[in-house]
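Input: a single structure, listed below in structure tokens.
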Amino acid sequence: MSNCCKILFTNGVISTSAETPSVATLLEAHPGAYTTTRTHHNGSKLLFWERHLRRLSNSASILLHSSPKLMFKVPTYAVSYSSMSMASPTWDSLIQSLVNDSMRKVMPAVLTERENEEELAITSLVSGNLEDFRDLERLNEENISRMFDVYVHISGYVPKIFGISENGAHLAVAGCGREVANAKYSDWAEEVLGEVEASFSQ
């Protein structure tokens with residue numbers, strides 16, 4: 001995998017580099033909770049993965065409780081959290097299990113494609129999907145995983161070299177805070193990316 005190549009793993013299906021969108025396009029296309037991390041030690045370790053995974057599952061749980069419209073692909077009126085109420089630890093465990101399972105399946109393929117010792121940028125997105133499963137009253141722990149689409153986007157990552165002025169960070173502050181402050185979700189990322197791009201173009 002060269003730095004320009006990308007892989008998207010969606011519900012068990014790997015997309016080729018040519019079919020894989022950018023991370024920004026992925027987040028624009030799908031609602032849901034997400035997190036982004038990278039590898040270190042020549043791609044052998046994930047940076048703070050357990051912390052990112054907990055943040056992802058916590059964000060998804062918060063959205064399910066307080067703002068399902070930011071999690072699902074269907075109109076707000078079609079989503080009733082009271083119909084699928086489960087304890088927060090159950091949601092957290094389920095979502096973490098789904099994302100970890102996707103990571104275990106896609107990483108071997110990624111590691112065979114990448115260039116030697118290349119670091120990787122990894123974005124995991126969990127999006128609600130009720131289009132084919134609307135009978136919420138019958139949801140239980142066994143089949144509730146069908147409510148979620150799991151996306152794992154992986155691309156090459158080249159760390160900046162410290163001490164070079166051209167590699168300094170460019171900072172832009174734009175947009176309002178998140179509608180759901182404690183959750184990290186794709187709709188907010190889309191809004192902020194658009195406003196940051198606009199601020200740099202002025």
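Please specify each residue of region 24-49 satisfying the condition of being in contact with a Phe, Trp or Tyr (Cβ under 9 Å, 6 or more places away or on another chain) and in a strand (DSSP E or B).
Listed by number, the residues that qualify are Ala33, Tyr34, Thr37, Arg38, Thr39.
Test His52 against the criterion of being crowded, with 16+ Cβ neighbours inside 10 Å and part of a helix (DSSP H, G or I), and give yes or no. Before the answer, list the steps.
Details: crowded, with 16+ Cβ neighbours inside 10 Å: yes; part of a helix (DSSP H, G or I): yes.
When the stated conditions are applied, His52 passes them.
Provide a single number: the residues in region 76-119 that are touching a Lys or Arg at 6+ places or on another chain (Cβ under 8 Å) and either loosely packed, with under 12 Cβ neighbours inside 10 Å or at pLDDT below 90 (or both).
Residues in region 76-119 being touching a Lys or Arg at 6+ places or on another chain (Cβ under 8 Å) and either loosely packed, with under 12 Cβ neighbours inside 10 Å or at pLDDT below 90 (or both): 4 in total.
Pick from Thr25, Thr36: which is surrounded by fewer than 16 Cβ atoms within 10 Å (Cβ to Cβ), of a type in the set (Ser, Thr, Tyr) and out of contact with any Gly (no Cβ under 8 Å at 6 or more places or on another chain)? Can you show your working first?
Numbers: Thr36 fails: surrounded by fewer than 16 Cβ atoms within 10 Å (Cβ to Cβ).
Only one candidate passes the filter, namely Thr25.
The values are calculated or read from the model by the stated rules, or taken from the named source; none is laboratory data. Nothing here was measured: the structure is a model prediction, and the numbers come from that model. Ideal geometry is used to build each Cβ from the backbone, glycine not excepted, and the neighbour counts take in all protein chains shown.
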